[in-house]
Amino acid sequence: MMIEALEKKIALYVQDVARIEPQTMQGITLELAGRPVTGPDTVGEVLRGLVKTAKEEVRTGTRMIERVLGRFGGFDLGILAARGEEVPNLCLSGHCLLLVAV
């Protein structure tokens, strides 16, 4: 059973690799709420703002945050934030979920 589960997981990873849209630092683009955000400085500022907003929202709210913000590199870009002092995590999801350190 464990081998079957790993084979299924590998197949999902292969599908995710096929959907990658390559990015470069100078040509970095992401989509938020249907609008493109381009350039390393602009993308960095926007993502920092989203993380700060999520951290404040989780600090003052009663629930964790888990939402899709847009798209990046062929994947859904989301944010995950739990209660406490932890910094919210950005994540990329396709068939599998990848947490991105902030």
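Within the stretch 76-91, is there a residue that is at positive phi, in contact with a helix residue (DSSP H, G or I) (Cβ under 9 Å, 6 or more places away or on another chain) and not basic (Lys, Arg)? Spell out how you get there, then give the answer.
First pass over the stretch 76-91, keeping only residues at positive phi: 84.
From what is left, the residues that are in contact with a helix residue (DSSP H, G or I) (Cβ under 9 Å, 6 or more places away or on another chain) are 84.
Checking the rest, the ones that are also not basic (Lys, Arg) come to 84.
Within the stretch 76-91, one or more residues are at positive phi, in contact with a helix residue (DSSP H, G or I) (Cβ under 9 Å, 6 or more places away or on another chain) and not basic (Lys, Arg).
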Quiz item: What number of residues within the stretch 71-92 are surrounded by 15 or more Cβ atoms within 10 Å (Cβ to Cβ) and either touching a Phe, Trp or Tyr at 6+ places or on another chain (Cβ under 8 Å) or basic (Lys, Arg) (or both)?
Solution: 2
Practice problem: Sort through Leu30, Leu47 and tell me the only one that's assigned to a helix (DSSP H, G or I) and either surrounded by 10 or more Cβ atoms within 10 Å (Cβ to Cβ) or in contact (Cβ under 8 Å) with a residue 60 or more places away in the chain (or both). | Solution: Leu47
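Only one of Val68, Val37 is surrounded by 14 or more Cβ atoms within 10 Å (Cβ to Cβ) and of a type in the set (A, V, I, L, M); which?
Working: Val68 fails: surrounded by 14 or more Cβ atoms within 10 Å (Cβ to Cβ).
That would be Val37, the only listed residue that is surrounded by 14 or more Cβ atoms within 10 Å (Cβ to Cβ) and of a type in the set (A, V, I, L, M).
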Quiz item: Would the stretch 52-66 turn up any residue that is at positive phi, of a type outside the set (Lys, Arg) and modelled with pLDDT of 90 or more?
Solution: no
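The values are calculated or read from the model by the stated rules, or taken from the named source; none is laboratory data. Owing to the predicted nature of the structure, the values given are computational and were not obtained by experimental measurement. Virtual Cβ from ideal backbone geometry, glycine too; neighbours counted across all protein chains shown.
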